[in-house]
Amino acid sequence: MLFLLLVDSPQDADFLSDLYQTYYRLLYGQALCVLRNAQDAEDAVSTAMIRLTSKIDVLRSLPCNKLEAYLVITVKNTAINAYRQRKRRVARSAGTVEDLQVSDPGTSPEHQVFSSLGVERVKNAIRALPQREQQALMMRYFQQLTDDEIARDLGLKPVSVRALISRGRARLAEILMQGGDADGQT
Amino acid sequence: MAKHDDLLEQALAEIAMEETNRLKAQLHDPALRDAADSLYVRHRSRLLAKLQARKKRRSYTRFFQLAASVLLVIGAWQVFKQPVKDMLNKPVPLTSGAPTFVPATPALLETPTLVPATATAAPTASPSPEPTATLTLAPTPLADAWGGTYFVTSKEKYTLKGLVPGTMHRAEFTDADGNAYTFAEYPQPTLPSIEKGAQLQYVHLPDGTVALTAEGPQGAQVIWDVDGRTLSVFTQASLNEALAMAGDIQKIK
């Protein structure tokens with residue numbers, strides 16, 4: 001146990017600095033694509049990099065192509081959250097805040113659907129999901145974030161995150177069962 | 001579950017990589033590339049400084065984590081190093097003054113002198129005797145101190161608080177919930193005083209012995225005869241608790 005504490009060395013920061021300097025163009029490019037604002041993009045990249053300090057082990061384990069995708073998706077999600085927060089602030093000041101409606105996800109149908117499918121169909125079905133659910137699934141299954149981390153990033157309670165993910169999976173199963181895909185043929 | 005999770009993970013990873021490739025293609029646009037470069041140049045030093053500052057902070061917290069871990073290990077070692085406690089002979093400091101137990105028996109209303117278990121029972125690292133049909137109190141000091149023939153056998157459930165000498169033998173216990181109990185053994189058949197107005201009934205103890213129970217506002221009492229002796233259990237808790245202790249009492253000598 002003590003050894004593990006020591007192994008997690010201060011070189012983590014150097015590793016992150018290297019990542020930042022290697023992939024800065026992708027990171028800022030992604031943030032700019034989402035936010036269309038230099039200041040917000042800078043904040044999003046900064047926030048994403050700081051948050052990545054808790055995911056060093058995951059980052060170290062990824063192959064190069066997945067690593068850059070992980071960084072891009074992390075920045076994208078951070079940027080989307082920043083955009084949403086900004087929008088929410090504006091909406092709140094205008095008195096039109098929308099509460100997240102949490103419903104019973106009902107996960108059973110998906111169990112029967114996934115196993116017989118190809119990746120392409122699943123990808124298309126994911127693209128057909130609402131953005132919030134796509135984002136939550138991406139955070140859970142690609143970025144390997146915990147409920148608490150997703151909750152913090154999305155500004156939700158962990159229980160709402162679990163509901164969101166379950167709902168996303170159920171909807172995914174529903175889309176797949178109906179034979180729908182990203183082109184909106186659901 | 002795991003299988004379709006794998007499929008989902010793979011699909012999401014591919015989507016992420018496709019998005020990254022799309023982004024790379026977009027970065028061929030000089031405007032976007034220049035904007036990204038410009039942001040990097042402007043904010044590089046600040047972000048790198050933040051990451052390095054985190055490194056320092058992490059090294060401080062790591063030091064404290066390490067120190068806390070060492071202390072935890074030492075503490076755990078100290079706990080495990082201690083000998084197993086003998087619950088029956090556990091030296092329990094007695095409270096000063098008269099004991100709170102006041103059953104409705106004249107003998108018990110004499111101002112009793114508590115004989116602390118510590119006075120005679122030295123703490124020992126030897127394992128406690130296992131409760132058997134006839135309990136043998138291996139550490140002899142307490143067995144000597146207890147002049148009676150019957151005693152409570154469930155050491156895990158009841159903690160001996162002290163012994164009270166007198167015309168009968170009396171021991172006081174508490175249980176894990178803090179309920180106080182008094183067990184008394186009279187050397188000859190006796191009818192101990194019973195609380196006035198108490199509700200009386202006869203019950204069978206687990207060994208088939210018929211016992212008299214008395215339940216009143218002051219507490220519950222179980223009285224029964226065995227081997228020409230009268231035994232009595234009193235508690236301010238419920239009658240069930242009194243009966244549970246009565247069922248736990250066995251011959252030890």
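No value in this document is a laboratory result; all are computed from the given coordinates. Here the structure is a predicted model, which means the values were calculated and not measured. Here the Cβ is made from the backbone with ideal geometry for all residues, glycine too, and neighbour counts use every protein chain on show.
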* To do: Determine the shielding of peptide B:31-41 by partner chains: average, over its residues, the number of Cβ atoms on other chains within 10 angstrom of each Cβ.
  => 5
* Averaged over B:68-74, how many beta carbons belonging to a partner chain fall within 10 Å of each residue's beta carbon? -> 1
* How about residue B:50: which lysines have a C-alpha closer than 30 Å to its C-alpha, ignoring those fewer than 8 places off in the same chain? -> A:55, A:66, A:76, A:87, A:157, B:24
* Structure fact -> In whole angstrom, largest first, the equivalent ellipsoid semi-axes that the Cα gyration tensor gives for segment A:11-93 are 25, 12, 11
* Other chains' Cβ within 10 Å of A:140-152 residues: what's the mean? -> 2
